[in-house]
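S.K.: One structure, pasted below without further comment.
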Amino acid sequence: MDRNEPAYRSGQLIAACRLATGAAGECRWCGAALPARRKTWCSERCSDGFWNNHWWTLARRVAKKRDKYRCTRCGHKPLGRSDPRYRKRRATDRLEVNHIVAAGGAHRVLSCLHHLDNLETLCLECHRERTAAQRLV
């Protein structure tokens with residue numbers, strides 16, 4: 001399975017993903033020995049680490065947090081919900097998460113395209129510019 005190809009079963013994804021390092025009997029995230037009754041992950045922390053890199057909704061949330069809710073290109077930070085101007089500006093003053101290697105519509109499937117090293121947090125204007133530049137390539 002190619003990194004850019006979506007996986008429809010978690011077993012396929014774990015087998016093909018470069019982040020899944022452990023062998024049989026080891027945690028597939030950190031490589032530690034598996035405790036009794038566990039088959040893939042040694043802990044919830046390892047499970048969360050893996051899935052945060054493969055489910056779009058989780059990866060998007062983690063990428064924004066990693067980038068401290070700022071645009072990685074221009075440094076813009078949108079208004080917070082407590083700001084009285086937030087309601088009027090939320091449609092245009094927001095952050096979006098961009099795939100550096102384009103996802104091509106694979107947002108609703110498990111995919112290695114959602115690895116955090118392939119995601120960047122951008123403001124709406126920077127995301128439009130980046131997307132336009134990707135279309136030209």
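The values are calculated or read from the model by the stated rules, or taken from the named source; none is laboratory data. A quick note: this is a predicted structure, and the numbers were derived from the prediction, not measured. As a convention, Cβ positions derive from the backbone with ideal geometry for all residues, glycine included, and neighbour counts pool all protein chains shown. Only protein heavy atoms, including side chains, enter the accessible area calculation; ligands, DNA and RNA are left aside. Shrake-Rupley method; radii C 1.70, N 1.55, O 1.52, S 1.80 Å.
S.K.: Name, by its number, the condition in (1) open to solvent by less than 70 Å² (accessible area, probe 1.4 Å); (2) over 23 Å from Gly11 (Cβ atoms); (3) of a type in the set (S, T, N, Q); (4) over 20 Å from the mean Cα position of the chain (by Cα) that does not hold for Thr40.
M.R.: (2)
S.K.: So, one more: When the range 53-78 is examined, which residues are found to be open to solvent by less than 40 Å² (accessible area, probe 1.4 Å) and over 17 Å from Ala103 (Cβ atoms)?
M.R.: Asp67, Cys71, Gly75, Pro78
S.K.: Could we say that Ser43 is modelled with pLDDT of 85 or more and either touching a Ser or Thr at 6+ places or on another chain (Cβ under 7 Å) or not aromatic (Phe, Trp, Tyr) (or both) here?
M.R.: Here the answer is yes, as Ser43 does meet what is asked.
S.K.: Please work out which residue is nearest to the chain's Cα centre (by Cα), limiting yourself to the range 84-133 and to residues that are open to solvent by less than 70 Å² (accessible area, probe 1.4 Å) and small (Gly, Ala, Ser).
M.R.: Ser111
S.K.: Can you tell me which residue is nearest to Arg128 (Cα to Cα) among those in the range 70-101 that are modelled with pLDDT of 90 or more and small (Gly, Ala, Ser)?
M.R.: Gly75
S.K.: Among (1) more than 14 Å from the chain's Cα centre (by Cα); (2) closer than 30 Å to Ala132 by Cβ; (3) touching a residue at least 12 places away in the same chain (Cβ under 8 Å), there is one condition Asp67 misses while meeting the rest; what is its number?
M.R.: Failed condition: (1).
S.K.: Exactly one of these conditions fails for Ala32: (1) at pLDDT below 90; (2) surrounded by fewer than 14 Cβ atoms within 10 Å (Cβ to Cβ); (3) in contact with a strand residue (DSSP E or B) (Cβ under 8 Å, 6 or more places away or on another chain); (4) not acidic (Asp, Glu). Give me its number.
M.R.: Unmet condition: (1).
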